[in-house]
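What follows is a single structure, written as structure tokens, with notes after it.
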Amino acid sequence: MYNPMLAKSFSHYERKTFGWRAFVVMLIVVFSSCMVFMNHLYPQSVNGDAMNLQSSIKAAEDMFVIKDTTLLKKLETEKKDAEPMCNVLEPLSDYCETKGDIRVQGNSSTIFVVSSHDFNVSAENNSWIIQPYPRKGNAGAMSSVKSWTVKLVQDGEKIPKCSVYHGYPAVLFSLGGYSGNHFHDFSDLLVPIFSNSRYFKSEVHFLATDYKSWWIGKYKTLLNNMSKNKIRDIDNENEVHCFPSVTTGLKSHKEFGIDSSKFPNRVSMRDFRQFLRSSLSLNRVESIKMNDDIVTRPRLLIMSRKKSRILLNEDDVRQMAEDLGYEVVLAEANLSTNLTKFAQIVNSCDVIMGVHGAGLTNMVFLPNNAVLIQLVPLGAMDYLAKRDFGDPAGEMNIKYLDYKIGVNESSLVEQYPLNHKVFKDPSSFFKKGWGVFRAIYLDKQNVKVDLNRFRSTLLEAKKLLATS
């Protein structure tokens, strides 16, 4: 009774392969029934085997899409309705959402969407080129991101046959771009991967192009809690993997944040922070609440920098903070830093402060109602500071203060005369390109805060803790 449907959906080879797999699955089902019966007779002796069998059956659920006539009919219907939903109008990312008979051929960087509809195979809207990394328009980032083709094809065309069937959907993304920078690891990858996959409740495959094993290793604790399947280095896969649906590219709508309205489950940054607490064993949910009766000192974390945007009077700031009643912790994060251990240090603190840069990304590990103090370097950087950290802080239930560096607090005053464009017209350098602007205001600038002026910022942070 399966033959007519199989003839429509599969080639002769695939029907033969499917028949063999169906036979194996039937044997598993029969054996499972026997084990259930035996469990009633010998509950202790078969318990371990039954658990192993259960795990095997669970794995089989993912490896075989087609098991019965109901699923066969469903696949046939979805194949007829197959139509890639590709969005190339978002400012940060292009992506395609495909559903039905989806075949992923890694060694050609092609995703085939098989349809039973008749259509003009030469039409331009039957194929899309997607770079699956959410920093569209940034030439520096996208130069290291592989391009993938999403191609709508007719059933019966000469297309690759499925080598492996999967029952769970897949999300394909690139580990190129600015991966390795702590801010971009979260803003461009971890947050979008979470928001794009949360709906599937870990029953999803991650297909990584431009694969970096060290990156996977650094964030494996988080990735393993987002998906229960091994992350595939899809570029080096010789098999053709077939899925019921594939999202190519990461839907991303804002810097270091999530637009909940764009996702069916209304996932948010607060959900992401709860996920981090659960995955990394971050015990503190709420920051300290200051009042007259409390004797515990709030913990202040100063994010140190050693190469650029250095806080030159860090020791003086530390001493002043301690005099104001803070317990101060100094820390610097780098590529070799253990994620879990560092996250737990941040989570133990109530206030985090530092000069604008990737280190402030660690605010994501703070408890709720904690305070972020961002030192904004000279150079008309208010917009960047607010976009990268000020606005995201609000989404994370973190209170935000900024301290704008004045001319006399910047090391640039030692490099340029006061009437130079560096001070008079910073935006003119931005118009010359990000590289020119960055070289002056980010790479060559250090800061030395006015202690009397900064004192009021530290006191304001304590007041904010009292209102949490």
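A few remarks follow.
- In the set VAL145, VAL65, only one residue is at pLDDT below 55, touching a Pro at 6+ places or on another chain (Cβ under 8 Å) and not in a strand (DSSP E or B); that residue is VAL65.
- Test: residue in region 330-337 that is over 22 Å from the mean Cα position of the chain (by Cα), at negative phi and assigned to a strand (DSSP E or B): yes
- VAL328 satisfies every condition listed in (1) open to solvent by 20 Å² or more (accessible area, probe 1.4 Å); (2) farther than 23 Å from PRO132 by Cβ except (1).
- Residue among ASN334, ASN265 that alone is closer than 26 Å to LYS254 by Cα, out of contact with any helix residue (DSSP H, G or I) (no Cβ under 8 Å at 6 or more places or on another chain) and not hydrophobic (A, V, I, L, M, F, W, C): ASN334
- For TYR199, the criteria (1) part of a helix (DSSP H, G or I); (2) open to solvent by less than 10 Å² (accessible area, probe 1.4 Å) hold in every case but one, which is (2).
- Any hit, region 115-124, residues being among the hydrophobic types (A, V, I, L, M, F, W, C), part of a loop (DSSP other than H, G, I, E, B) and modelled with pLDDT of 95 or more: no
- Only residues that are surrounded by fewer than 18 Cβ atoms within 10 Å (Cβ to Cβ), in a loop (DSSP other than H, G, I, E, B) and polar (S, T, N, Q) were counted across region 269-290, and they come to 2.
- For region 401-418, the count of residues that are surrounded by fewer than 12 Cβ atoms within 10 Å (Cβ to Cβ), part of a loop (DSSP other than H, G, I, E, B) and either among the acidic types (Asp, Glu) or on the phi < 0 side of the Ramachandran plot (or both) is at least one.
- Residue that is nearest to SER308 (Cα to Cα), among those in region 419-453 that are free of Cβ contacts under 8 Å to residues at least 40 places away in the same chain and assigned to a loop (DSSP other than H, G, I, E, B): GLY433
- Test: residue in region 362-379 that is in contact with a Phe, Trp or Tyr (Cβ under 9 Å, 6 or more places away or on another chain) and polar (S, T, N, Q): yes
- Output for region 454-468, where each listed residue is of a type in the set (Ser, Thr, Tyr), open to solvent by less than 60 Å² (accessible area, probe 1.4 Å) and farther than 19 Å from LEU311 by Cβ: SER468
- Of the residues making up region 355-363, one or more are of a type outside the set (Phe, Trp, Tyr), open to solvent by less than 20 Å² (accessible area, probe 1.4 Å), on the phi > 0 side of the Ramachandran plot and more than 17 Å from the chain's Cα centre (by Cα).
- Restricting region 380-389 to residues that are part of a helix (DSSP H, G or I) and open to solvent by less than 10 Å² (accessible area, probe 1.4 Å) leaves a set whose member that is farthest from GLN445 (Cα to Cα) is PHE389.
- Set side by side, the residues ILE102, ILE159 differ, and just one is open to solvent by 20 Å² or more (accessible area, probe 1.4 Å) and on the phi < 0 side of the Ramachandran plot, which is ILE159.
- Given (1) assigned to a loop (DSSP other than H, G, I, E, B); (2) free of Cβ contacts under 8 Å to residues at least 12 places away in the same chain, index of the condition ASN224 fails: (1)
- Among the residues of region 296-315, those that are closer than 18 Å to ASN362 by Cβ and either open to solvent by 80 Å² or more (accessible area, probe 1.4 Å) or in a loop (DSSP other than H, G, I, E, B) (or both) comprise PRO298, SER304, ARG305, LYS306, LYS307, SER308, ARG309, ILE310.
The values are calculated or read from the model by the stated rules, or taken from the named source; none is laboratory data. Quantities reported herein were computed from a predicted structural model and do not represent experimental measurements. Virtual Cβ from ideal backbone geometry, glycine too; neighbours counted across all protein chains shown. Note: accessible area is taken over every heavy atom of the protein model, side chains too, but ligands, DNA and RNA are not part of it. Shrake-Rupley method; radii C 1.70, N 1.55, O 1.52, S 1.80 Å.
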